[in-house]
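The values are calculated or read from the model by the stated rules, or taken from the named source; none is laboratory data. Predicted model, so just to flag it, every value in this text is computed and none were measured. FYI the Cβ positions are ideal-geometry reconstructions off the backbone, even for glycines, and counts take in every protein chain you see. With ligands, DNA and RNA removed, areas are computed over all heavy atoms of the protein, side chains included. Shrake-Rupley method; radii C 1.70, N 1.55, O 1.52, S 1.80 Å.
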Amino acid sequence: MDGGRALIRALENEGVEVMFGLPGGAILPVYDPIIDSSIRHILVRHEQGAGHMAEGYAHATGRPGVAMVTSGPAATNIVTPLCDAYMDSVPMVVITGQVPTGAIGTDAFQECDTTGITQSITKHNFLVTEAQDIPRTIKEAFHIATTGRPGPVLVDIPKDIVDPGNPRSAMTWTDDVTIDLPGYNPQTEVDPEAIRAAAELIRASERPVLYVGGGILKARAADALRELAELTGISVVTTLMARGAFPDGHDLCLGMPGMHGNFTAVTAMQESDLLIALGARFDDRVTGRLDGFAPDAKIVHAEIDPAEIGKVRRPDVAIQGDVRLAIEALVAELATNGTGDVDRDAWRSRLSGWQERFPLAYEQWVPGDPLKPQYVIECLRDSTPDDTIVASGVGQHQMWASQYWKFDHPYTWINSGGLGTMGFSIPAAIGAKVAFPDRMVWAVDGDGCFQMTAQELVTATVENIPIKVALLNNSYLGMVRQWQEMFYEERYSEVFLSKDVPDYKMWAESMGCVGIRVDDPEEVESAIAKANEIDDRPVVIDFRVDAAEKVYPMVPSGATNSELVVPPFQQDQPR
Amino acid sequence: MNTQAPDYRYHTLVVTVENKSGVLARVASLFARRAFNIESLAVAPTDDELFSRITVVVDLESAPLDQIVKQLDKLVNVVEIRELYPGHAVERELMLVTVSAEPDRRDEIVEHLDRAGGKVLSVGTDRMMLSLVGLPARVDEFEDLLRPYGIVELQRTGRVALATLDDHDGPGR
Ligand SMILES: Cc1ncc(C[n+]2csc(CCOP(=O)(O)OP(=O)(O)O)c2C)c(N)n1
Ligand SMILES: [Mg+2]
């Protein structure tokens, strides 16, 4: 057998059903066996699209996303998705072509030091130099990507070891390859001593909060979490990466904390005496200024990655291991030894008082006003099925989508949290729709973001992946505009895009999508209804929304979470 | 895992890594991107050809030891990390130095050298090449002593270390 065929076979053996990519010189020999493979290959229009599609697929399914591209410029084009996946712990395997082994280091055509460039933004990467090593390396790549704290793994493959015309590609296929990773042993089991100590803190706490991060989703721990919350009656905040991990409709759900979190979620953490952090990493967007974050809280930190424990905030009890196992052990402990008899009525009434006085809200539309972006999200939320998957871009529209959607199921919210990658939504939505062709997938995008990756709608049309795009078009790089308005005395520098260029409806139509434009609030519902009925091609709705609308609440950067700014009409409420 | 270190600014880690190409670059770039400062670093293959051993002295003013160790441990090619607490390790460093030495000053230099336990490797018309193996602090002192004579060229290896004999199952990790 040759290395190229072995590579495809190894991917098939890993259960890969779909991969996203675009061929070129160095990876050419691997594209030939794809013709005969069971793996569906989706031809993208830009390699960044392939990477984000693989991420979208992985977010939606929990299975590793796979992308394959050629060397040099293709490899550099996929650097952004690799970094994105690294920051958000997304399991992904990226295969890149490389110049032949003999040419490495000579500045050959389309050579770049791909493993060097991606070293710090992958969980691990490999440069394979012998055809015989291909099956084992692929196995190792999938193992690393999917175990412990998941993440992206890159495998760089020089052309000579996959090209059947080159003797260096000759290898012997065998089914029993074993991984050889002496330095890789993620610890999943949790220490019972730590569980007991955590349970003690929970029993004694008057103002506990379950602070839930994206790790819950990675660990498939949503059911366990619900059990823990219901057993203890402790309220839950779900970070941007964990929206959907606990149902928004649940009585104990406080919603999203952080820079644009709602007042109750932010303040509950701030005033808490015990934060039970589960699969969360105390990101700066959640903590605000660190020395003023949750000053009275003891910390229980359950986390798979030892390096996250104590990195930002020293825990009182550290539970290193798989967070699902940690929660299950906690539930068992608390069920056996009781959840304690501390009276938390006062705390509960403070929480509900905040919820009453400071709900997420925006100034309602009055005739003559431009369309409100939050209203569009609410309409979309109310007229789509419960299991709709929402993928968002990065900016104001992302925050409104996260705030105003009601997530009642895990894996229905896909976004770029750690890296904040504009252009994420359309390819990520495509990846999710490929995984779940029978479910509705909406991308909520900004006009700035749309212009970064819209070309993948061509992919969606040609490959028959009918996603829907709600474009919250405010003619601005709105999030940056908001910062300039609030912190740079309304000096707007390079944030205005254009009122009429491009024509998104025409652009959508030129890519084979249905294009719809909505200016009038009265038309929002009918436009969404129309989009929901179309299932044979992608749809783009260009919602022309109010450019002056800001995301509230907001913790100004550098401020503590106690300095959360609420919308103007709530500013007189007693905190 | 005991990560509580005594209160010293510099701390020696012995890191066993897979002997594969690019591994040193991974370790070095980790230190750079996480803003961990390295005081010294020495690498060489071990008696097992599959593994290399890196002796790295880290500066705990830049980051807590615990973070440095855990981040290093995340590198897939890092197999084992042992902390060598000061006082529980035998540490040595080699210095090669060429120093200006007109004939009338050689005796003086050799006297310093003898006291430090070094060797004369070769003697030229106006220069001498010396070597010294010793505790890093002693090597520092000797370097200071030589400076007034005029150091022409100098190379130090960075420190290498082994756990003390009675301490082999001791406080390492
Ligand atoms: C690739 C990239 N470049 C720049 C930024 C900085 N940035 C964050 S939000 C934003 C504005 C996004 O504009 P748009 O997509 O129109 O969304 P809006 O905020 O208007 O909803 C920018 C420029 C980024 N996050 N990603
Ligand atoms: Mg915009």
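Can you tell me what percent of all Cα-Cα pairs in chain B are more than 25 Å apart?
Values: 6306 of 14878 pairs.
That tail contains 42 percent of the Cα-Cα pairs.
Over the stretch A:373-544, what relative contact order in percent results from Cα pairs under 8 Å that are six or more residues apart?
Details: 320 pairs, mean separation 39.0, N = 172.
Worked out over the stretch A:373-544, it gives 23 percent.
Taking every DSSP helix (H) stretch of at least 4 residues in chain A, weighting each as -39,500 (n - 2.57) and dividing the sum by the residue count yields a mean residue ellipticity at 222 nm of -10000 deg cm²/dmol.
Modelled label positions at B:Leu165 and B:Arg115, each set 7 Å beyond Cα in the direction of Cβ, lie 3.0 nm from each other.
Tell me the per residue accessible area of chain B using a 1.4 Å probe; a whole number in Å² is fine. Show your work: numbers first, answer last.
Working: 9280 Å² over 173 residues.
Ligands and nucleic acids excluded, the figure is 54 Å² per residue.
Would you mind telling me the share, in percent, of accessible area of the stretch B:90-160 contributed by carbon and sulfur at probe 1.4 angstrom?
On the way: 2130 of 4200 Å².
Summing carbon and sulfur atoms, their accessible area is 51 percent of the total for the stretch B:90-160.
Be a star and scan the stretch A:479-511 for residues whose amide nitrogen sits under 17 Å from the point 7 Å along the Cα-to-Cβ vector of A:Glu563. Only A:483-489 fall inside the zone, counting backbone N under 17 Å. Among the protein heavy atoms, those of A:Glu206 account for about 100 Å² of accessible surface (1.4 Å probe, every chain in place).
For the pair the stretch A:400-414 and the stretch A:207-250, the centres of their Cα atoms are 13 angstrom apart. Sparse packing (at most 16 other Cβ atoms within 10 Å of the Cβ) combined with a DSSP loop state is found for the following trypsin sites (Lys or Arg not before Pro) in the stretch A:142-251: A:Arg220. Taking a Cβ cut-off of under 14 Å around A:Asp341, the surrounding Lys, Arg, Asp and Glu residues balance to a net charge of -2, with basic ones at +1 and acidic ones at -1. The average projected area of chain A, computed from the convex hull of its Cα atoms over all directions, is 26.9 nm².
Per residue, the average separation of C-alpha pairs within less than 8 Å and at least 6 apart gives chain A a relative contact order of 14 percent. For chain B, the relative contact order is 27 percent, taking Cα pairs closer than 8 Å that sit 6 or more residues apart in sequence and dividing their mean separation by the residue count. Out of A:Ser383, A:Ser416, A:Gln403, whose Cα points farthest toward the positive end of the dipole of the stretch A:373-544 (charges: +1 Lys, Arg; -1 Asp, Glu; placed on Cβ)? Farthest towards the positive pole: A:Ser416.
Partner lysines whose Cα lies under 26 Å from the Cα of A:Lys406, excluding those fewer than 8 positions away in the same chain, are identified as A:Lys218, A:Lys372, A:Lys433, A:Lys468, A:Lys530, A:Lys550. Per residue of A:178-185, other chain Cβ atoms within 10 Å of the residue Cβ number 5 on average.
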